[in-house]
Amino acid sequence: MKVTGFTFIRNAITYDYPVVEAIRSILPICDDFVVAVGNSDDATLQLITEIDPSKIRIIETVWDDTLREGGRVLALETDKAFNAISADTDWAFYIQGDEVVHEKYLGPIKNAMLKWKDHPEVDGLLFDYLHFYGSYDYVGSSGKWYPHEIRIIRKNKSIYSYRDAQGFRKAGDQKLRVKPANASIYHYGWVKDPGAMQRKQENFHKLWHPDNWVDKHVAKASEFDYSGIDALELFQGTHPEVMHDRIENKNWKFDYDLTFSNLGVKDRFKLLLRKYTGIELGYRNYIKI
């Protein structure tokens, strides 16, 4: 069984992406790894080059900054990396620059890939998600956070990155048929130094909206205001080993009153339904089989 990891990245240093940790977290179960490094204004290319030259193959890309609808450029960059994977790959393991896998899941993930490798009806493997917010101590608990997404797919030419690269579909706009990976993705996209988070917000909204929308809806500030969140809960587990240095070097403070909740009636109903019945309402970009 051959497994190839793949991702895309641009300006990782400027926007404080844990992309090195992301790649290293799954590298042990990947035979090789493709990284599409976009035209950056910092030393992102050197950063990726220094991870593991024996396994990692870099393709340098140029982002189309004129695309400002639905984050489409992110999907195009994902497809560039996916299309560069060799045809003899069985499973392609996608990881975004702010996602990390705990080492405790590497065994179960590999077992799931082996189990479903010779079952062509399975297009991919589905992961659970933990979305950290503000600091490494809190995770989002409202219905606004997507609870699952596909991160392992077959090396199949009909599969492509969907919308803003959150997930995948295949030719004919078909949802992928998936089995569980029996693992979680730790999403750290909302855990950054407030200055870096503010820079990210001001820049990345331009991937979805024109400048006049960004000027109107994204507050200009030196630091991001983390207080406008609806509900969080305390994280009770451990973080991946590859994240330990980053967590120890955290230089900002974020505290949250766990008794506070700004959830609406609809969100409360969704959470109760999921808690007591396992039924999940809302957007679902896959078919469980």
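Run lengths n ≥ 4 of DSSP H only: what is the helix-derived mean residue ellipticity at 222 nm for the chain, with -39500 (n - 2.57) per run over all residues, to the nearest 500? Let's see the in-between values first.
On the way: 8 runs with 73 residues, N = 289.
Helix-only estimate at 222 nm: -7000 deg cm²/dmol.
Efficiency by 1/(1 + (r/R0)^6): what FRET value for I289 and R57, r their Cβ-Cβ distance, R0 = 41 Å, to the nearest 0.05? My answer for the efficiency is 0.80.
By the gyration tensor of its Cα atoms, with a ≥ b ≥ c the square roots of the eigenvalues, what is the shape of the chain: rounded for a/c under 1.5, prolate for a/b over b/c, or oblate? Note, shape of the chain comes out rounded.
Which percent, nearest 5, of DSSP beta bridges in the chain are antiparallel?
Numbers: 21 of 47 bridges.
Around 45 percent antiparallel, to the nearest 5.
Checking the cross-link pairs K55/K192; K200/K250; K104/K175; K216/K253 against a 20 Å limit on the alpha carbon distance flags K55/K192; K104/K175; K216/K253 as lying beyond it. Stretched out straight at 0.36 nm per residue, the stretch from D90 to R163 would grow longer than its current Cα-Cα span by 23.9 nm. Here K2 is the anchor, and the aspartates and glutamates within straight C-alpha reach of less than 14 Å, apart from those fewer than 8 places off in the same chain, are D31, D32, D88, D90, D118.
Between D64 and F235, the FRET efficiency from the beta-carbon distance, with R0 = 30 Å, is close to 0.20. Charging the Cβ of each Asp and Glu at -1 and of each Lys and Arg at +1, and nothing else, the dipole of the chain about its Cα centre rounds to 1240 debye.
Packing, as the average of other Cβ atoms within 10 Å across residues, places the peptides 33-44, 17-28 in the order 17-28, 33-44, highest first.
Across the chain, Cα pairs under 8 Å and at least six residues apart give a relative contact order of 21 percent.
Once you order the gyration tensor axes a ≥ b ≥ c over the Cα atoms, which shape class does segment 32-112 get: rounded for a/c under 1.5, otherwise prolate or oblate by comparing a/b with b/c?
Working: a/c = 1.73, a/b = 1.47, b/c = 1.18.
The shape class here is prolate.
Compute the Cα gyration tensor for segment 32-185, then decide on rounded, prolate or oblate, letting a ≥ b ≥ c be the square roots of its eigenvalues: rounded whenever a/c is under 1.5, prolate when a/b is larger than b/c in the other cases, and oblate in all that remain. Rounded, because the longest to shortest axis ratio a/c is under 1.5. The aspartates and glutamates whose alpha-carbon is closer than 15 Å to the alpha-carbon of K220, local same-chain residues fewer than 8 away aside, are E202, D211.
Throughout, read-outs are computed from the coordinates displayed, never taken from laboratory work. Please read these numbers as outputs of a predicted model, since none were measured by experiment. With ideal geometry, Cβ positions are generated from the backbone for all residues, glycine too; neighbour counts draw on all protein chains shown.
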